[in-house]
Each structure stands twice: as C-alpha cells, then as structure tokens.
Amino acid sequence: MTLTPLVEPGWMNAILPEIILCLGGMLLILWDAFAPKAKGALAPLALIVLIVGAWSERLVIGGTFFGGTYEISGITHLFDITFFLAAMLATLFARDYLDREGNEGGEFYALLLWGTVGMMLMAKGLDLLIIILGLETLSICIFVLVGYARRLPISNEASLKYFLMGAFATGFVLYGTALFYGATQSTNITVMARYFATADGSNPLLTVAFVLIMAGFGFKLALAPFHPWAPDVYQGAPTPVAGWLSVAPKAATLIVLVRLFTAMTPLLSKVPWMHLVAVLSVLSMIVGNVVAIVQRDLKRMLAYSGIAHVGYMTIALLTMRDDNIAAVAVYTIVYALMNIGAFGVISLLVKNQNDPQTLDDIAGLGFRRPYFGLALAICMFSLSGLPPTAGFIAKFYIFKSAILYGHTTIALIGILASITSVYYYLRVVYYLYMKEPAEGMVVETIGDVFSVGALAISMIFILVIGIYPTPLFNVAGAAARALLQQ
C-alpha cells in the first residue's frame, strides 16, 4: 500500500511567518527569564519579531499544503497583514501601560504572538479541524491575556467569564463540525464545496450544523444575541488587550465565515439559512448602537460600538461576491486602525484600573494633551463614518455592495443605525474640547514614544485610506476574485 505524504515540498515556506512568531514568543519568555533586569527590551523585541514576520509574508509562495488542509492566497496575505497590524499596535500601547502597572513580562508579548499564530491558522485553514485548532490556540491566549492583571478582581472576573462562555461557544463549533462531517463525509472545505454544489438542503443535519456553527462563531464576533460577554470582558481586560481583542479575533472569524459561505454558495440559494445571518446583523446593529448611547464608561461604549460594527460587516456576508469579500477585508483593516487607536488613548489614562474609565476622565483632554485629544477625535470621527476618514469609505462600500446585490432594506437599517451612532461618538469629542473637568478631578494622561508612534500610525492611515482608498481596494478586490475562482 502506497501512502500519500501530507507534507509537500515547500511546507516550511508556507508556515514561515508562523514559525517566526512561535520562535519569537519562546525568545521573549527566555529573555524575561534570563535577563529580568532588561524588561524594557521586551516590547522592542516583540515589535521586531512582528515586523520580521510581516516582512516574511513577501517570501511565502501561494498554494495548498498539508494534504489540501492549508491554503496560502491573496486573501490570506491580506488578513495576515491585519493580524500583524493589530498585534503591532497592541504591543506599542502595551509597553507604556504594562510598565506603569508593573506587569510587564515576556509572557504577555509571547501570548500576543501565539494568539496571532492561532488567527493565521484560522484564516488559512481549508479544513474545519485546522480552523478549530487555530481557534483554540487563539482562545487559550485570550483567556490568559484578559486576566493578565491578576491582582485586579475585575480582570479575574473578565477572564473567568470569557473562559466559561468561550468553552460553550467552542462546543457549538465542534458539534456543528461533527454534524457537517456526518452530512458531507468530510471536514475539508474544498470537499464540502463539491457536496454543496449538488446538495438540495433537505438534510436536517445541515441546518442544525449551520445554526450551531453560526452560534459558535457569533460568540467570537460578539454578534447579538451572543454579545453579553463583550462589555464585561473589555472593561476588565488590560486596555491594550481589549483593543486587540475587539479587532483581531473578529477578523479571523470573518475570513472563516467567508470561506464557509463561499463553499456553500450553491446550496444557500435553496435554503433559508441566510435569513438567520440577516437577523443577527440587524439585531447587532440595533442593540449595539442603542445600548452604546447610554454608556458613560468608555470601554463599555466601545464594546457595544464593536457589536454594531460587526453587524455592518455581517451585511457583506449575505452575498458572496468579490465586492462583498473585498469590503469585509478593507473594513477589518480600517476597524483595526480606528478601534485599537481609540482603546490606545484610553490606556494612557492614569487611574486605578479597578475603576471605570468614563467620559468625565477625558473632559478637556483636547486642550491639556492636544496630540492625544486629536488622535481620539479622529478615531471617533472614523468610527462614526464621517468623511474624509477611512471609516466612511469602509461603511460606504459595505452598504453599496449590499444595495447592489438586493439587500436594500438591511442596508438602509445599517445606514440609519450608523447615523444614530454619530451621537455617542461625537459626545466623546464634545467632552474632549467643550467640557471642563470637575475641580480636583483631572485624570493625567501619560504616553511614551511607543504609544505616540502607534497613534501616529492610526491617524495617518485613517486619513490616507479615507482620502485615497483605491490602492487598498484594488488589492482586496484582486484577492477576493482569486478566492472565488478557486
């Protein structure tokens, strides 16, 4: 009997960025263990590892590997860049935050790197089992990072909540995968796509599997009604972690859903499953924006805001065309810039981390610290979708693609929800420039060169993409078309 090897030539090249990140994480832990007095070098080392990993993407050759379970393509490169960008910004903001809190350690940056590896596995996995492996790698890193400030009760509580609810969500994904295997006799998305091309959708296993998969991934996306964990976890997690958590895992989950929905496209026209996705999208946009209005805690406000933004992105999943996929890819990059930037400014507030960071804490910040106030204002303008920011362009293409392919009602709901969000985003700007802090209640804001640089990156790219988005959309469009032609 001849066995076909599952390791093809060039497999080392295919996982080169992942190898760099894994080894880099080990290096950081060893550095912390053997040079404890040189903790100041941990963040620069982590940043170097991320830059080298991102640069190595240029060396990776496209194709499928490991028995057709792992794919390198234009769309995976684009999402990998999103993961690297999110990790770099989180690292830059974490340097000052951890040093101020006395928590800096090599394991923090290592977990950030390994979590990025988990997301890359999810993005490149052509098999549901590989995707689950990446999901669990990511989840374990998040469990620890959320509770990293172990001396703070609020951080411990957030970690426990995410752990318990995350375990349930993973169970849904695993059970849904088992049912998909029972119906299609495979967990490989390529093989499943051939089954879906001729399936009639009458098999009840498929319906139950789809619902379970959406429930599990809906938790990771914080789609309503799977969202209750998000505000508590974001509030309790270290602020740079909350910013990273609000963006990167959602991007990884979205590319997984893009792959699944693309494979199921022939079947989706025969079954009402996408009505469920539409309901989740509408519910998320409404719940996220309405509840965010009454929030005074900045991190909780951004948590509910994130629920609404995932609702916008989910609109594009209703039709798997190149415009929709490109719009999702661009939105994830833009969302990483503006949301991590907003969390980054909040992380610079010097106060007891057990206490909430409220609107009152940023009163007058635009005049006391003009640079930080400007950065937060630009992030708020972009999150609200005001031109000429990148947030406007990202929302415009999402709504345009929805209307183009017949989802006009949902697009209109999204536009109205986005208009509603302008109130609570501009309320932040109002407090920055038009509200005086209460006497004796001024909260200091301290930032080092790392956080200043991270804010510069966020602001520059938010404005550049908003004014000249064509290159990014050309790259995303080409990657989306290549994915659909496979």
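Numbers below:
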item	result
Where labels lie 7 Å past Cα in the beta-carbon direction, separation of Val279 and Leu412 in nm	2.2 nm
With 5 Å bins from 0: P(r) over the range 175-327, alpha-carbon pairs, percent	2, 9, 18, 21, 17, 13, 9, 6, 3, 1, 0
Listed pairs Lys351/Lys435; Lys250/Lys299; Lys270/Lys400; Lys161/Lys220 exceeding 22 Å between Cα atoms	Lys270/Lys400
Relative contact order (%) - the chain, alpha-carbon pairs under 8 angstrom, separation at least six	16 percent
Long-range amide H partners of Thr358 with built H, under 5 Å	Leu298
Gained length - Gln485 relative to Asn203, 0.36 nm times residue gap less alpha-carbon distance	98.8 nm
The range 36-89-the range 455-477 distance, computed between alpha-carbon centres (Å)	20 Å
Mean Cβ neighbour count within 10 Å, used as a protection proxy, ranking 322-328, 158-164 highest first	322-328, 158-164
Extension gain from Asn354 to Val211, taking 0.36 nm per residue of separation minus the Cα-Cα distance	47.7 nm
For peptides 253-259, 193-199, sequence by mean Cβ density within 10 Å, most packed first	253-259, 193-199
Backbone N within the range 195-233 under 20 Å of label point (7 Å from Glu8 Cα along the Cβ vector)	195
Paramagnetic label zone (point 7 Å from Cα along Cα-to-C-beta, Lys435; backbone N under 14 Å) in the range 344-369	357-367
Phe34-Arg58 FRET efficiency (beta carbon distance; Förster radius 22 Å; 0.05 resolution)	0.10
The range 162-236-the range 299-355 distance, computed between alpha-carbon centres (Å)	22 Å
Per-residue [θ]222 nm for the chain (sum of -39500 (n - 2.57) over DSSP H runs n ≥ 4, rounded to 500)	-24500 deg cm²/dmol
Local electrostatic count, Thr170, Cβ distance below 12 Å [Lys/Arg +1, Asp/Glu -1]	0
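A short reminder: the numbers here are calculations on the coordinates, not readings from a lab. Everything numeric here is computed off the predicted structure, so don't read it as measured data. Every residue, glycine as well, gets a Cβ built from its backbone with ideal geometry; the counts of neighbours run over all protein chains shown.
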